[in-house]
Number of protein chains: 2
Amino acid sequence: MIRIVAAARMTTGDKGPRLRTVPEGDNRARLVCPDCDYIAYENPKVVVGVVATWEDKLLMCRRAIEPRRGFWTLPAGFMEIGEHPEEGAAREAWEEARAELEIVDMLAVYSLRHISQLQLFYRAKLLSPKVSAGPESEEVGLFDFDALPAEELAFPSVHWAIRHFQEARGAASFRPFGNPTGDTGRMTHGR
Amino acid sequence: MIRIVAAARMTTGDKGPRLRTVPEGDNRARLVCPDCDYIAYENPKVVVGVVATWEDKLLMCRRAIEPRRGFWTLPAGFMEIGEHPEEGAAREAWEEARAELEIVDMLAVYSLRHISQLQLFYRAKLLSPKVSAGPESEEVGLFDFDALPAEELAFPSVHWAIRHFQEARGAASFRPFGNPTGDTGRMTHGR
């Protein structure tokens, strides 16, 4: 979660981009480094993840890192330069759960405006039930859908993606889901 | 197109983030400022745009800026911090074509890996045929689909989105389109 450290530095540090001003030719404030005029454009980041199953079991990871260390999540992380979103989702599944899988289709596009994330979740099929914890996971597991660690899910969008996956399974066809109506995905106590 | 100026500075300048190195705790090279250790994470950017119609006419803009100045495009641009993608798409339609519209649904998600863009196009209905050029457009127009400036389109993904829009119109239901198979969206002569 190095990004969070960097974000904190941008607003509180005394080095690097820290001056909020409208650059010439632009129409909104950006973070600028007053020492060298470097402009740090802040754009939303893309998070890519998978709802991956082996037979009828769901792959989940218990987080070894903050935020929400110890809580259960779906394999997901920041899309990197030079990859397609499906590739990023599969890479995250490997990094966090040593899972090999095949992407099936796009399940959902969630917009978490308060943390400037656009999250893309894909349905995926594991190629084998052989999974194990990567460095960012304390443990990984394959769960029956009626025995998920439902009280210990890390983030609202993990709830959403699991629910939408189950809705999609019962549907002849579906379009990618979005945020549940009116739900910003902001963390509230108990979720 | 300030972003391009900034990108050039990042690789050629003698100030700001310009050292490519793997930060502690990370697993890939990032651009770091050797003067203040600021890390400039480069993630893919999200571009949001619209295929917007008034009755049976398509809204297009002739670009007043590089790249591809003078060529025709769909209203689209970088998603900004703090907005949902649909809001960003509508904002771009206003900025580039002074168009007011209602977003209908997601048409396509294209991945342009060579320029690190994830492009989301939405279908939209104009609320009025009253459109006019914003500062980044030389002119705007409402075109019959059989009279599009097909030889003067700015980018491959403009071709794709228009084609996919027409495919979607004839379909009872559809899922968001992706890149045409095997097409990276890299610019080639004549497109």
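The values are calculated or read from the model by the stated rules, or taken from the named source; none is laboratory data. This is a predicted model, so every value here is computed, not measured. Note: ideal-geometry Cβ built from the backbone for every residue, glycine included; neighbour counts use all protein chains shown. To get the accessible areas, we keep the full protein, side chains included, count just its heavy atoms, and leave off ligands, DNA and RNA. Shrake-Rupley method; radii C 1.70, N 1.55, O 1.52, S 1.80 Å.
Determine the pairs where a residue that is facing chain A (nearest Cβ under 9 Å), located within the stretch B:77-100, has a partner that is hydroxyl-bearing (Ser, Thr, Tyr) with Cβ atoms under 7 Å apart, the partner being 6 or more residues away or on another chain.
B:Ile81/A:Ser116; B:Gly82/A:Ser116; B:His84/A:Ser111; B:Pro85/A:Ser111; B:Glu86/B:Tyr122
Anything in the stretch A:74-93 that is out of contact with any Ser or Thr (no Cβ under 6 Å at 6 or more places or on another chain) and outside any helix (DSSP H, G or I)? List them, or say none.
Passing the criteria: A:Leu74, A:Pro75, A:Ala76, A:Gly77, A:Phe78, A:Met79, A:Glu80, A:Gly82, A:Glu83.
What's the total number of residues in the stretch B:119-136 that are of a type outside the set (S, T, N, Q) and open to solvent by 30 Å² or more (accessible area, probe 1.4 Å)?
Keep residues of the stretch B:119-136 that are of a type outside the set (S, T, N, Q), which gives B:120-127, B:129-131, B:133-136.
Going one step further and asking which of them are open to solvent by 30 Å² or more (accessible area, probe 1.4 Å), we end up with B:123, B:125, B:127, B:129-131, B:133, B:135-136.
Matching residues across the stretch B:119-136 total 9.
Is it fair to say A:Phe71 is aromatic (Phe, Trp, Tyr), open to solvent by 60 Å² or more (accessible area, probe 1.4 Å) and within 26 Å of A:Ser132 (Cα to Cα)?
Details: aromatic (Phe, Trp, Tyr): yes; open to solvent by 60 Å² or more (accessible area, probe 1.4 Å): yes; within 26 Å of A:Ser132 (Cα to Cα): yes.
In short, yes.
Among the numbered criteria (1) buried (at least 17 other Cβ atoms within 10 Å of the Cβ); (2) in contact (Cβ under 8 Å) with a residue 12 or more places away in the chain; (3) not hydroxyl-bearing (Ser, Thr, Tyr), which single criterion is violated by B:Glu139?
All conditions pass for B:Glu139, except number (1).
Just a yes or no: is a residue in the stretch A:65-73 within 11 Å of the chain's Cα centre (by Cα) and of a type outside the set (D, E, K, R)? Even if it seems obvious, please write down each step before you answer.
To start, the set of residues in the stretch A:65-73 that are within 11 Å of the chain's Cα centre (by Cα) comprises A:73.
Those still in the list that are of a type outside the set (D, E, K, R) too: A:73.
Taking every residue of the stretch A:65-73 in turn, at least one turns out to be within 11 Å of the chain's Cα centre (by Cα) and of a type outside the set (D, E, K, R).
Find the residue count for the stretch A:141-191, including only residues that are under 24 Å from B:Leu107 (Cβ atoms), more than 14 Å from chain B (Cβ to nearest Cβ) and more than 18 Å from the chain's Cα centre (by Cα).
Qualifying residue count for the region: 1.
So A:Leu19 fits all but one of (1) touching a Cys at 6+ places or on another chain (Cβ under 8 Å); (2) facing another protein chain (nearest Cβ under 7 Å); what number is the exception?
Among (1) touching a Cys at 6+ places or on another chain (Cβ under 8 Å); (2) facing another protein chain (nearest Cβ under 7 Å), A:Leu19 violates only (2).
Just to check your reading of the model, which residue among A:Val109, A:Val158 is assigned to a helix (DSSP H, G or I), in contact with a Leu (Cβ under 6 Å, 6 or more places away or on another chain) and either hydrophobic (A, V, I, L, M, F, W, C) or open to solvent by 70 Å² or more (accessible area, probe 1.4 Å) (or both)?
Working: A:Val109 fails: assigned to a helix (DSSP H, G or I).
Result of the check over A:Val109, A:Val158: A:Val158.
For the list (1) closer than 25 Å to A:Arg123 by Cβ; (2) hydrophobic (A, V, I, L, M, F, W, C); (3) at the interface with another protein chain (Cβ under 9 Å from one of its Cβ atoms), I need the number of the one condition that A:Ile39 fails.
It fails just one condition, (1).
Working carefully through the options B:Glu96, B:Glu86, B:Glu92, find the one that is closer than 25 Å to B:Glu167 by Cβ and in contact with an Asp or Glu (Cβ under 8 Å, 6 or more places away or on another chain). Give the steps one after another, and end with the answer.
Values: B:Glu86 fails: in contact with an Asp or Glu (Cβ under 8 Å, 6 or more places away or on another chain); B:Glu92 fails: in contact with an Asp or Glu (Cβ under 8 Å, 6 or more places away or on another chain).
Within the list B:Glu96, B:Glu86, B:Glu92, the selection yields B:Glu96.
Mind checking which residues of the stretch B:161-183 are surrounded by 17 or more Cβ atoms within 10 Å (Cβ to Cβ) and not hydrophobic (A, V, I, L, M, F, W, C)?
Correct list: B:His164, B:Pro176, B:Gly178, B:Asn179.
Which one of these is closer than 30 Å to B:Asp35 by Cα, buried (at least 19 other Cβ atoms within 10 Å of the Cβ) and small (Gly, Ala, Ser): A:Ala99, A:Ala52, A:Ala89, A:Ala40? Full working, then the answer.
Values: A:Ala99 fails: closer than 30 Å to B:Asp35 by Cα; A:Ala52 fails: closer than 30 Å to B:Asp35 by Cα; A:Ala89 fails: closer than 30 Å to B:Asp35 by Cα.
Testing whether each residue is closer than 30 Å to B:Asp35 by Cα, buried (at least 19 other Cβ atoms within 10 Å of the Cβ) and small (Gly, Ala, Ser) leaves just A:Ala40.
A:Gly134 versus (1) part of a loop (DSSP other than H, G, I, E, B); (2) at pLDDT 95 or above; (3) away from chain B (no Cβ under 14 Å): which is the lone unmet condition?
Against the list (1) part of a loop (DSSP other than H, G, I, E, B); (2) at pLDDT 95 or above; (3) away from chain B (no Cβ under 14 Å), A:Gly134 comes up short only on (3).
Across the stretch A:42-73, what is the total count of residues that are within 14 Å of another protein chain (Cβ to nearest Cβ) and not in a strand (DSSP E or B)? Give the derivation first.
Initial filter on the stretch A:42-73 (within 14 Å of another protein chain (Cβ to nearest Cβ)): A:42-48, A:64-66.
Remaining after also requiring not in a strand (DSSP E or B): A:42-44, A:64-66.
Result for the stretch A:42-73: 6.
Does A:Ala64 satisfy being surrounded by fewer than 17 Cβ atoms within 10 Å (Cβ to Cβ) and over 22 Å from A:Gly185 (Cβ atoms)? Give the derivation first.
Values: surrounded by fewer than 17 Cβ atoms within 10 Å (Cβ to Cβ): yes; over 22 Å from A:Gly185 (Cβ atoms): yes.
Yes; evaluated as a whole, the condition is true for this residue.
Can you name the residue in the stretch A:12-28 that is open to solvent by 40 Å² or more (accessible area, probe 1.4 Å) and at pLDDT below 85 and, of all such residues, is nearest to the chain's Cα centre (by Cα)? Don't jump to the end; show me each part of the working.
Kept after step one, since they are open to solvent by 40 Å² or more (accessible area, probe 1.4 Å), are these residues of the stretch A:12-28: A:12, A:14-15, A:18-22, A:24-25, A:27-28.
Checking the rest, the ones that are also at pLDDT below 85 come to A:12, A:14-15, A:24-25, A:27-28.
Values: A:Thr12: 25, A:Asp14: 30, A:Lys15: 29, A:Glu24: 34, A:Gly25: 33, A:Asn27: 30, A:Arg28: 27 Å.
By that ranking, first place goes to A:Thr12.
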